[in-house]
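Below is one structure, written out as structure tokens, with a few remarks after it.
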Amino acid sequence: MTSTAIVRLENVGKQYGKVVSLRNVTLEIGSNEIVGLIGDNGAGKSTLIKVLTGVEQPTSGSIYIRGKKIDAASYSVKEAHNLRIETVYQDSSLGEKQPLWRNFFVGRPITNWLGLIDVKTEKRIAEHIMRTTIGFRGAGIDVDTPVSRLSGGERQGVAIGRAMHFESDLIVLDEPTVALALKEVQRVLDFIRSIKAGGRSCIYIEHNIHHVHEVCDRLVVLDRGEVALDVPASSLSYTELADFLMSLHSARDTSAH
Amino acid sequence: MAEAAHTPGRTARTRTLSDIFKIEGVAIALVFILLVVIFMITAPRAFMGYRVYMSFMATVPPPMVIALGLTLVAVAGEIDLSFPSVVAFASYVFCILYIDYDMTWLALLAATAVGTAMGFINGLVVTKLGIPSLIATLGMLFLWGGLVTVVSNGASLAIPDIQGTLFHTIFAGRLGVFPVQILWALLTAVLIWIVLNRHRFGESLLFIGDSKAVARVVGIATEREKVKLFTLMGAMSAFAGVLLTLETTTYFANAGMGYLLIVVAAVFIGGTSIFGGSGKVVGTVFGSLIVAIIEAGLVASGVQGFWTRFFIGLVFIVSVTLNAAIEDPDKVPLLKQLRSRAKK
């Protein structure tokens, strides 16, 4: 835990015109830790992730990746991939009609000099990821199954497995359990634990604080663009966390009136 | 599971049967054979002899080559309707270079280059101007068609003396009674199958057609791939134009117009998804044959010639609906309503 942080944000701010989305955010993601990012709608969670993964540039402050300062102007999604940071979006990470093996390798296929895909190798590796990394035991699912036949939880698993295969150090999960059945949620939480077991880090954005408290090492609460809380998960019980979030609500209500 | 254990023989047999149908093109090949058998009964004089099949193999290659290109376009969720004018343009370029300079190989090269350039411009219009490809390429159909009519002064050209040249023998000659151009079309089919199913370009097209958002997230340069796609489509349309010119040894401005319906029909009868994201190259090959055999078979069976377009349109609508229903029954609103009513 003493090694340099994978990502460090220093006094990062982001403004859209007059609207301030992030204000002086300083945040560190260490190696091999799962950080839960909590906050209401509009608290700045998605903006923070966009800045972190190169989708949008911050208006102020600086980003360090593994101790190296990043040139904000040239930081892009591709650059983030190269720096081994990967985002798993809720519903736009997988091609519905395409088989699993294609989904594992799309954008980064194994090809020869002619650009022809080595289907056999890709299928073999995809099979391996399914069996070991994400532990698929689902009946009737193999590498040729199209994504459309997977459940919501299995889809998250495939996207997470892909991110892990490509040696991402930091995997960002954008509300992976939204609209999932209870049993499926447990599977996704297991996938998240496998990220940690694989020696990587994860930022887990979630509405349901119960799930966050269950799997995360550290909790970060965003409120109106600022970091309101940044503590180890073990230092706070579930009820204490809930009380803290409620207090944010009431503070906001009184300030609004 | 328990049932399967009790009747191992039957499950094994049904499994092999369903496996056979999983092989690309088996179902549509059966439809094709069924049509041949039907026409053998309704028009035995034409369909029991070999001549009609030889004539198919001479006339089907140009639309088949275009349909193969259009299959890739459809996979990416786009459409290109400008190909009849590209066919005409390539045909004109080939004829004029042959007539004025006696060129053959160079004329083929030039015609293909012109088609490639037209396809590239089509791609730019679709991606840079952001017009849906259906409308953009419909506009380009008129634009290129008008241009070739102007350039050629509205006249037709004939190059009957190209028959007998080595070039003509290679691309449109006969091996005995067998037209060689079908071999070129099948070679194109093999190449396009490899591109779609085994090349990274094909994979990009599959994901673009599946969902643009996903394609972008996984790092596919969607615009660049689409420009490449329309460029390839232009090149293939031009090659088809030259094949057509060699068979008919003429150029006229409306040369490709007759292909508009039958090429689009061949692609979607063949099982390529109208929603993008999946394509069947073998299906397109048989789709092209089916469209051709319906045209010839109906006439030979004594149906008035005017009816053939009607029936091709009908087969087109029915097969596209069936293919969509196989893909996902809920994509056909009529079936969706019927299903939800049945549930109640």
Check: Can you list the lysines whose alpha carbon sits under 21 Å from that of B:K343, skipping same-chain ones fewer than 8 residues off?
Finding: B:K331
Checklist line | Label-to-label distance, nm, for residues given as A:T121 and A:R193 (7 Å Cα→Cβ offset) | finding: 3.5 nm
Check: Based on DSSP, what percent of beta bridges with both residues in chain A are antiparallel, to the nearest 5?
Finding: 55 percent
Note to self: Testing the spin-label approximation: label points 7 Å from Cα along Cα→Cβ at B:T169 and B:K128. State their distance in nm.
What the structure shows: 4.6 nm
Checklist line | Unit Cα scatterers, Debye sum, the protein assembly as shown: log10 I(q)/I(0) for q = 0.07, 0.09, 0.11 Å⁻¹ | finding: -0.57, -0.84, -1.08
Notebook entry, point to check: Hey, what did region A:7-256 get for relative contact order, percent, Cα under 8 Å, at least 6 apart?
Noted result: 27 percent
Next item on the list: Evaluate the relative contact order of region A:75-136 (contact order divided by residue number), counting alpha-carbon pairs under 8 angstrom at least 6 apart; express in whole percent.
Entry: 21 percent
Item checked: Simple label model, 7 Å out from Cα along Cβ direction - A:H249 to A:H128, nm -> 4.9 nm
Checklist line | Integer Hz, Karplus 6.51/-1.76/1.60 couplings in order for region A:6-19, x for Gly and Pro | finding: 5, 10, 9, 9, 10, 6, 6, x, 9, 10, 10, x, 8, 7
Next item on the list: Would you compute, for the Cα atoms of region A:188-257, the largest minus smallest coordinate along each principal axis and list the three values in descending order, in whole Å?
Entry: 48, 23, 20
Notebook entry, point to check: Reachable aspartates and glutamates from A:K78, Cα under 14 Å, same-chain residues fewer than 8 places away excluded?
Noted result: A:E56, A:E86
Check: Mind checking Rg over Rh on region A:171-213, alpha carbons, Kirkwood formula for Rh?
Finding: 0.94
Checklist line | Peptide B:193-204, shielding by other chains (average Cβ, 10 Å cutoff) | finding: 4
Notebook entry, point to check: Ordered by packing density, taken as the mean number of other Cβ atoms within 10 Å over each peptide's residues, highest first, how do B:314-324, B:330-340, A:32-42 rank?
Noted result: A:32-42, B:314-324, B:330-340
Check: So how tilted is helix B:222-248 from the main axis of chain B? Cα-based, degrees 0 to 90, rounded to 10.
Finding: 60 degrees
Checklist line | Rg/Rh for region B:48-255, where both radii come from Cα atoms and Rh is the Kirkwood radius | finding: 1.01
Checklist line | Shielding by partners, peptide A:114-121 (average Cβ within 10 angstrom, other chains) | finding: 3
Notebook entry, point to check: In whole angstrom, how far apart do the alpha carbon centroids of region B:179-258 and region A:20-54 sit?
Noted result: 45 Å
Item checked: Contour minus Cα-Cα distance for B:L314 and B:I326 (0.36 nm per residue) -> 2.5 nm
Notebook entry, point to check: Karplus couplings for region A:176-189 from phi (6.51 cos²θ - 1.76 cosθ + 1.60, θ = phi - 60°), rounded to Hz, Gly and Pro as x?
Noted result: x, 9, 4, 6, 10, 5, 3, 5, 5, 4, 4, 4, 5, 4
Next item on the list: Grab the DSSP H runs of the protein assembly as shown that are 4 residues or longer, score each as -39,500 (n - 2.57), total them, divide by all residues and round the 222 nm result to the nearest 500 deg cm²/dmol.
Entry: -18500 deg cm²/dmol
Next item on the list: Evaluate the relative contact order of chain B (contact order divided by residue number), counting alpha-carbon pairs under 8 angstrom at least 6 apart; express in whole percent.
Entry: 29 percent
Margin query: Please compute, over every Cα-Cα pair in region A:7-256, the percentage with a separation greater than 26 angstrom.
Written below: 42 percent
Notebook entry, point to check: What ³J(HN,Hα) values, in whole Hz, does the Karplus curve 6.51 cos²θ - 1.76 cosθ + 1.60 give for region B:99-114 when θ = phi - 60°, with x put for Gly and Pro?
Noted result: 5, 7, 10, 6, 7, 10, 4, 5, 5, 4, 4, 5, 4, 5, 5, 4
Item checked: Crossing angle, helix B:200-210 versus chain B [Cα axis fit, 0-90 degrees, rounded to tens] -> 60 degrees
Next item on the list: Take peptides B:177-186, B:114-123 and line them up by average Cβ neighbours within 10 Å, highest first, as a rough protection proxy.
Entry: B:114-123, B:177-186
Next item on the list: Give the peptides B:36-48, B:95-107 in descending order of average Cβ contacts within 10 Å, highest first.
Entry: B:95-107, B:36-48
Margin query: Taking each residue in A:78-90, count the Cβ atoms of any other chain within 10 Å of its Cβ, then average. What number comes out?
Written below: 1
Next item on the list: Among DSSP beta bridges lying fully in the protein assembly as shown, give the percent that are antiparallel, nearest 5.
Entry: 60 percent
Note to self: Can you give the Rg/Rh ratio of region B:132-244, where Rg is from the C-alpha atoms and Rh is the Kirkwood radius?
What the structure shows: 1.08
Next item on the list: In whole Å, largest first, what are the principal axis extents of the Cα atoms in region B:193-344?
Entry: 49, 47, 24
Check: Roughly speaking, what % of Cα-Cα pairs in region A:48-190 are separated by over 20 Å, rounded to a whole number?
Finding: 52 percent
Checklist line | Per-selection Kirkwood Rh - region B:203-270 (Cα, Å, 1 d.p.) | finding: 14.4 Å
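Just so you know, all these numbers are worked out from the coordinates, no wet-lab data involved. All values derive from a computational prediction rather than experimental measurement. Cβ: placed from backbone, ideal geometry, glycine included. Neighbour counts: every protein chain shown.
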